[in-house]
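The values are calculated or read from the model by the stated rules, or taken from the named source; none is laboratory data. The model shown is predicted, which means the values in this text are computed figures rather than measured ones. Here the Cβ is made from the backbone with ideal geometry for all residues, glycine too, and neighbour counts use every protein chain on show. For the accessible areas, the whole protein counts, side chains as well, though only heavy atoms, and no ligand, DNA or RNA atoms are used. Shrake-Rupley method; radii C 1.70, N 1.55, O 1.52, S 1.80 Å.
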Amino acid sequence: VPAKQVSETKGVGNLIEKAEEEGVKTAWHRFLEQQPQCGFGLLGICCRNCNMGPCRIDPFGAGPTKGVCGADADTIVARNILRMIAAGAAAHSDHARDIVHVFKGAATGEFKGYRLTDVEKLKGLAQILGIDIEGKSESEIASEVAHILELEFGKPDDEPLKLLMATAPKKRIKVWERLGVMPRAIDREICECMHRTHMGVDADPASLLLHGVRTSLADGWSGSMMATYLSDILFGTPKPIKTTANLGVLKEDYVNIIVHGHNPILSMKIAEVAQSEEMQKLAKKYGAKGVNVAGMCCTGNEVLVRLGIPPAGNFLMQELAIITGAVEAMVVDYQCLMPSLVDVAGCYHTKIITTEPKAHIPGAVHIEFKPEKADEIAKEIVKIAIENFQNRPKERVFIPKHKSEVVAGFSVEAILEALGGTLEPLINALREGTIKGIVGVVGCNNPKVKHNHSHVTLTKELIKRDILVVGTGCWGIAAAMHGLLTPEAAKMAGEGLRAVCETLGIPPCLHMGSCVDCSRILIVLGALAEALGVDIPDLPVAGSAPEWMSEKAVSIGTYFVASGVFTHLGVVPPVLGSQKVTRLLTDEIEDLLGGKFYVEPDPVKAAETIYNVIIEKRKKLKW
Ligand code: BF8
Ligand code: SF4
């Protein structure tokens with residue numbers, strides 16, 4: 001692997017070289033081994049949905065144009081995309097289900113390790129859900145909220161999702177009603193995706209994609225929304241918090257524990273327990289100066305925005321963290337965990353600790369995390385890490401020293417506070433053109449793209465054009481590692497945005513949290529639209545996933561589009577095998593929903609186009 005060229009981020013190249021010297025493979029090596037990747041797969045025209053297949057469509061029309069059952073490229077591509085949306089929505093929403101469970105246990109007092117931290121937010125949520133809170137205790141209110149939210153998953157009626165109705169703007173709801181895509185229950189829409197894509201059910205690409213829209217709406221405006229709301233209530237609503245990011249946050253003389261995955265239920269506990277005096281003392285007994293917790297991926301974002309735990313890296317850096325030789329344990333829950341972690345850890349002393357009944361990795365140590373015994377289990381895990389410090393081969397440790405300053409934790413509440421309590425100053429800045437627009441940049445890393453290059457380049461190009469960038473997920477960590485999340489980064493912004501940031505003391509790019517926190521972006525969009533009396537497609541805003549890879553990103557992209565947002569993808573989705581589906585997603589869907597997908601791998605060109613779209617929208621608003 002050309003180590004110095006695969007990433008934009010300092011330290012990555014050095015660790016890839018270290019990996020090669022030590023005979024360790026990373027995602028980049030395996031990506032090369034996979035070349036050339038299957039053309040049918042890339043175009044989305046292979047189907048394995050029944051055992052008459054697998055079937056492949058000849059993209060040049062010289063070979064078969066239909067599968068054994070008669071499904072053509074349009075049907076196959078649409079079905080495959082729908083299954084991606086189903087998986088993405090399932091991941092976000094199942095995560096939400098686990099949080100509701102803990103929220104309920106915290107409310108009743110059953111789960112002693114958790115409590116209701118943000119009671120104001122709880123009351124606000126209860127009220128928008130139509131619960132009368134007068135004279136009720138916190139615990140009663142929370143139990144009623146939990147009851148409504150539990151039903152979001154599988155309520156049997158055809159009424160729309162309650163949380164969506166409570167949070168989405170009225171004008172949007174009308175659009176969805178007209179199209180017949182109002183989601184009824186989260187599990188039901190996901191289940192229906194599987195049913196429709198079973199052999200011999202829905203063959204119409206438009207009908208399939210519309211159900212994809214419905215499923216993604218269930219994710220964004222209910223599943224993910226719920227995960228964000230309840231995580232805030234349990235662990236506190238994020239406020240701007242300072243820390244550092246990149247591999248340099250690992251400490252040579254300390255026991256290093258990395259929390260990786262998505263659910264804060266585990267990571268918040270590990271962070272809390274690791275920082276306890278008892279554990280710090282124990283670490284000293286084993287010859288370390290203390291215990292140091294660092295984050296990876298979205299659970300890293302959860303503890304970053306609430307506790308200021310420094311992220312050691314984003315998705316493509318999970319193996320590299322182990323390759324430093326300085327990590328005693330990587331504690332994981334679910335999603336975005338490379339099974340290779342165990343192989344890499346096998347070359348060092350690192351223990352991979354899986355904790356979720358739904359996410360085992362062969363070769364890992366499995367310690368099941370149970371919320372009723374949260375403190376005990378977290379302690380057991382932290383102890384394993386501490387005891388493992390003595391096994392660290394010191395001569396093999398190499399921690400790149402790079403790290404950047406970060407200010408993260410811009411929840412909607414925090415943004416409002418920075419603005420002085422209302423959206424008015426932001427709306428005025430937008431109207432006057434001091435800020436031209438707002439773009440939500442989100443999503444993963446993908447070895448098809450130079451690591452973090454598209455995230456960073458696109459972001460810089462946007463802020464240069466006076467566009468405020470907000471975002472989540474692995475983008476947030478990329479931006480953090482590249483110094484884009486500090487108030488000083490305002491110097492990289494255009495004159496207008498720079499002045500606004502300097503007045504408010506905020507960065508030109510606002511880190512809003514993990515991927516389920518894309519729901520925070522939806523709330524901002526809804527609030528802006530309602531304040532201006534327009535619909536989301538009228539706003540000078542856009543979305544982008546410059547380096548996306550996961551099925552969750554497909555669901556997010558789809559609910560952005562369905563919410564009326566012009567959405568850029570920096571990596572080509574597997575749809576090009578069907579002109580019809582490609583046209584639907586990148587063009588015709590706009591007439592129905594006001595948003596559409598735009599695919600452009602070059603981040604500079606993408607920024608230019610996004611800017612032009614925003615200027616067009618401004619013109620229509622007569623701004
Ligand atoms: O949920 S951005 S690589 S860590 S999928 Fe995964 Fe993508 Fe990172 Fe978070 Ni989101
Ligand atoms: Fe082939 Fe149709 Fe079966 Fe798919 S569902 S594998 S296209 S026969």
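Are any of the pairs Lys464/Lys491; Lys289/Lys394; Lys123/Lys162; Lys596/Lys617; Lys104/Lys370; Lys285/Lys401 more than 19 Å apart by Cα-Cα distance, and if so, which?
Going by Cα-Cα distance, Lys285/Lys401 fall outside the 19 Å limit.
One quarter of the convex hull surface, Cα atoms only: what value does that give for the stretch 466-533 in nm²?
With the hull built on Cα positions only, its mean projection is 4.7 nm².
Can you tell me the relative contact order of the stretch 82-226? Whole percent, Cα pairs under 8 Å, sequence separation 6 or more.
The normalised contact order for the stretch 82-226 reaches 35 percent.
Per the Debye formula with a single identical scatterer at each Cα and no solvent contribution, what log10 I(q)/I(0) holds for the stretch 74-152 at q = 0.11, 0.17, 0.20, 0.24 Å⁻¹?
-0.40, -0.70, -0.86, -1.10
Quick check: convex hull over the Cα atoms of the stretch 90-201, volume per residue in Å³, rounded to an integer?
It is 125 Å³ per residue.
If Lys and Arg each add +1 and Asp and Glu each add -1, what is the summed charge of the other residues whose beta carbon sits under 14 Å from the beta carbon of Met279?
Net local charge, Met279 excluded: -1.
Normalise the Cα radius of gyration of the stretch 139-269 by 2.2 N^0.38 Å (N = residues in it) and let me know the number.
Against the empirical 2.2 N^0.38 Å value, I get 1.40 for the stretch 139-269.
How big is the antiparallel share of DSSP beta bridges in the chain, given as a percent to the nearest 5?
20 percent
When only Cα pairs under 8 Å and 6 or more residues apart are kept, what is the percent relative contact order across the chain?
Relative contact order for the chain comes out at 17 percent.
Could you calculate the FRET efficiency of Asp158 with Glu417 from 1/(1 + (r/R0)^6), where r is the beta carbon distance between them and R0 is 35 Å, rounded to 0.05?
The computed FRET efficiency comes out at 0.30.
Mean separation of Cα pairs under 8 Å and 6+ residues apart, divided by the residue count of the stretch 404-620: what relative contact order is that in percent?
23 percent
What is the distance, in nm, between label points placed 7 Å from the Cα along the Cα-to-Cβ direction at Arg48 and at Glu277?
5.6 nm
For the stretch 247-396, with all protein chains present and a 1.4 Å probe, just round the carbon and sulfur fraction of the accessible area to a whole percent.
Taking all protein chains in place, the stretch 247-396 shows 49 percent carbon and sulfur surface.
Given axes a ≥ b ≥ c from the Cα gyration tensor, I'd like to know whether the stretch 404-620 is rounded (a/c under 1.5), prolate (a/b larger than b/c) or oblate.
oblate
Kindly report, to the nearest 10 Å², the accessible surface of Met492 as traced by a 1.4 Å probe over protein heavy atoms only.
80 Å²
From largest to smallest, what semi-axes in whole angstrom does the stretch 518-566 give when each is the square root of 5 times an eigenvalue of its alpha carbon gyration tensor?
22, 10, 8
What is the spread of the Cα atoms of the stretch 240-320 along each of their three principal axes, largest first, in whole Å?
Ordered largest first, the stretch 240-320 gives principal extents of 33, 25, 22 Å.
On alpha carbon coordinates alone, what is the Rg over Rh value for the stretch 49-96, Rh being the Kirkwood radius?
Here Rg/Rh amounts to 1.15.
Scattering from the C-alpha atoms of the stretch 247-396 alone, worked out with Debye: what is log10 I(q)/I(0) at q = 0.09, 0.11, 0.14, 0.15 1/Å?
-0.22, -0.33, -0.56, -0.65
Between Rg and the Kirkwood Rh of the chain, both from Cα atoms, what is the Rg to Rh ratio?
0.95
Are any of the pairs Lys121/Lys269; Lys170/Lys620; Lys25/Lys358; Lys171/Lys358 more than 28 Å apart by Cα-Cα distance, and if so, which?
Violating the 28 Å Cα-Cα cut-off are Lys171/Lys358.
Give the aspartates and glutamates reachable from Lys284 as a straight Cα distance under 15 Å; neighbours fewer than 8 places away on the same chain don't count.
Glu252, Asp253, Glu328, Glu387
Excluding Ile361 itself, what net charge comes from residues whose Cβ is under 15 Å from its Cβ, given Lys and Arg +1 and Asp and Glu -1?
Every neighbour counted, the sum reads -3.
From zero up to wherever the largest Cα-Cα distance of the stretch 275-333 sits, split into 5 Å bins and tell me the percent of pairs in each.
4, 17, 24, 23, 20, 11, 2
If DNA, RNA and ligands are ignored and the probe is 1.4 Å, what is the ranking of Trp623, Trp28 by accessible area, most exposed first?
If we order Trp623, Trp28 from most to least accessible, we get Trp623, Trp28.
Percent of Cα-Cα pairs more than 15 Å apart in the stretch 420-489, please.
The share of Cα pairs beyond 15 Å in the stretch 420-489 comes to 56 percent.
Rounded to the nearest whole Å², what accessible area per residue is found for the stretch 73-235 with the 1.4 Å probe?
Counting only protein heavy atoms, the per-residue value for the stretch 73-235 is 37 Å².
For the stretch 20-104, take N as its residue count and report Rg(C-alpha) divided by 2.2 N^0.38 Å.
Against the empirical 2.2 N^0.38 Å value, I get 1.58 for the stretch 20-104.
Heads up, I need the accessible area for Thr350: 1.4 angstrom probe, whole protein in place, Å², nearest 10.
Result for Thr350: roughly 10 Å² accessible.
Excluding residues on the same chain fewer than 8 positions from Lys242, give the aspartates and glutamates whose Cα lies under 12 Å from its Cα.
Straight-distance partners of Lys242: Glu405.
Please give the net charge around Gly496, taking every other residue with its beta carbon less than 14 angstrom from that of Gly496, where Lys and Arg add +1 and Asp and Glu add -1.
For residues surrounding Gly496, the net value is +3.
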